[in-house]
Amino acid sequence: MKKYDAFLLDLDGTVYWGKEEIPEAVTFVKTLKSKGLPYLFVTNNSTRTKEAVADQLSGFGIPCTPDDVLTTSIATASYIKARKPNAKVLYIGEQGLQQAMQSAGFTYEEEHPDFVAFGMDRQITYEKYAKACLAVRSGAAFVSTNPDVALPNEHGLAPGNGALTSVITVSTGVKPVFIGKPEPIIIDLALEKLATTKRRTLMIGDNYDTDIMAGINAGLDTLIVHTGVTSAEVLKTKAVQPTYALNSLSEWTFHE
Ligand SMILES: [Mg+2]
């Protein structure tokens, strides 16, 4: 195992399962903290604020402040800000996206927005879709927080943000820029936030198709942990392998 100076970590399936922490991951993050190694939690969940995520992780005993969290909503706001600092944005999403847009200083605009920013919205309506489609047809740039088509819940798989976003794509013929994993955009923003480089940073996650592909697409070394979505059997079928595959984070060896 190489020595890395910074670490990007997925959340669900990597540091916790739903409402339960993964003890090996708690120990791993505590070790990062005690060694002074920078880390950032990178999540495709656009619905929660960074404060809500940090509260949950702190509750698990994981050292985490809101600044240690990069959600797709915050990444989406950074992406827009880099292109138009005073953008007028039609944003559709839950609290996480609303807060990210407001703290970036964007004006909410329905008539002639510069951007349509779309994220998971469990209160989505026909009217919201109609406004988004009209704006995209009028030339607003179309961005979406993440492409996940399905979301696991206690009953099975429910539609994810990629599925909700597809309504606008099908209706207008315009494909969005997706910000979250497996796109490299969120990873590049994470590197910027930690002031690190791809060669010195390790991407860690449980899902090959999102976490590991995001790392590979952004040019980082990757570590898959078999504590969540992707089993060792499924991993064998993938053409491009992660740099490391472990059953749990307790198997990681730190250099002194
Ligand atoms: Mg995960």
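The values are calculated or read from the model by the stated rules, or taken from the named source; none is laboratory data. Just so it is clear, the structure is predicted and the values come from calculations on it, not from any experiment. Quick reminder, even Gly has a Cβ in these numbers, built from the backbone with ideal geometry, and neighbours come from all protein chains shown. Side chains are part of the model used for accessible areas, which takes the heavy atoms of the whole protein and leaves out ligands, DNA and RNA. Shrake-Rupley method; radii C 1.70, N 1.55, O 1.52, S 1.80 Å.
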**Prompt:** With every protein chain left in place, what is the accessible area per residue of the chain in square angstrom, probe 1.4 Å?
**Reply:** 46
**Request:** Summarise the accessible area of the stretch 84-178 (1.4 Å probe, protein heavy atoms) by the percent that is carbon and sulfur.
**Result:** 55
**Request:** Using DSSP, restrict attention to beta bridges with both residues in the stretch 102-164 and report what percent are antiparallel, rounded to the nearest 5.
**Result:** 50
**Request:** First obtain the Kirkwood hydrodynamic radius of the chain from its Cα pairs, then insert it into the Stokes-Einstein equation at 10 °C and 1.306 mPa s, and state the resulting D in µm² per second as a whole number.
**Result:** 85
**Request:** Restricting to the chain, compute how many DSSP beta bridges are antiparallel as a %, nearest 5.
**Result:** 15
**Fill in**
Taking R0 as 35 Å and r as the Cβ-Cβ distance between R137 and A158, the FRET efficiency 1/(1 + (r/R0)^6), rounded to the nearest 0.05, comes to 0.75
**Complete:** hull vol. (C-alpha, convex hull) per residue for the stretch 84-178, Å³ -> 91
**Item:** Cα point-scatterer Debye curve for the stretch 132-178, base-10 log of I(q)/I(0) at q = 0.20, 0.22 Å⁻¹
**Value:** -0.62, -0.71
**Request:** Of the options L194, Y208, Q102, report the single residue whose Cα projects farthest towards the positive end of the charge dipole of the chain (beta-carbon charges: Lys, Arg +1; Asp, Glu -1).
**Result:** L194
**Prompt:** How much length is gained if the chain between K128 and K198 is pulled fully straight, taking 0.36 nm per residue apart and subtracting their Cα-Cα distance, in nm to one decimal?
**Reply:** 21.4 nm
**Prompt:** Quick one: helix 72-83 against the long Cα principal axis of the chain, what's the angle to the nearest 10°, folded into 0 to 90?
**Reply:** 60
**Folded to 0 to 90 degrees: helix 23-34 orientation relative to the chain principal axis, Cα** = 90
**Item:** Among Y126, Y79, Y244, residue whose mean-square fluctuation peaks in a GNM of the chain (springs only between Cα atoms under 10 Å)
**Value:** Y126
**Antiparallel content of DSSP bridges confined to the stretch 135-256, in %, to 5** = 30
**Request:** Using just the helices of the chain, give the 222 nm mean residue ellipticity in deg cm²/dmol: DSSP H runs with n ≥ 4 each add -39,500 (n - 2.57), and the total is spread over all residues, rounded to 500.
**Result:** -10000 deg cm²/dmol
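Quick one: putting +1 on the C-beta of Lys and Arg, -1 on the C-beta of Asp and Glu, what dipole do you get for the chain around its Cα centre, in Debye to the nearest 20?
Details: 24 positive and 29 negative charges, 140 e Å.
Dipole magnitude for the chain comes out near 680 debye.
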**Request:** Mind pulling the angle between the C-alpha long axis of helix 50-59 and the longest principal axis of the chain? Nearest 10 degrees, somewhere in 0 to 90.
**Result:** 30
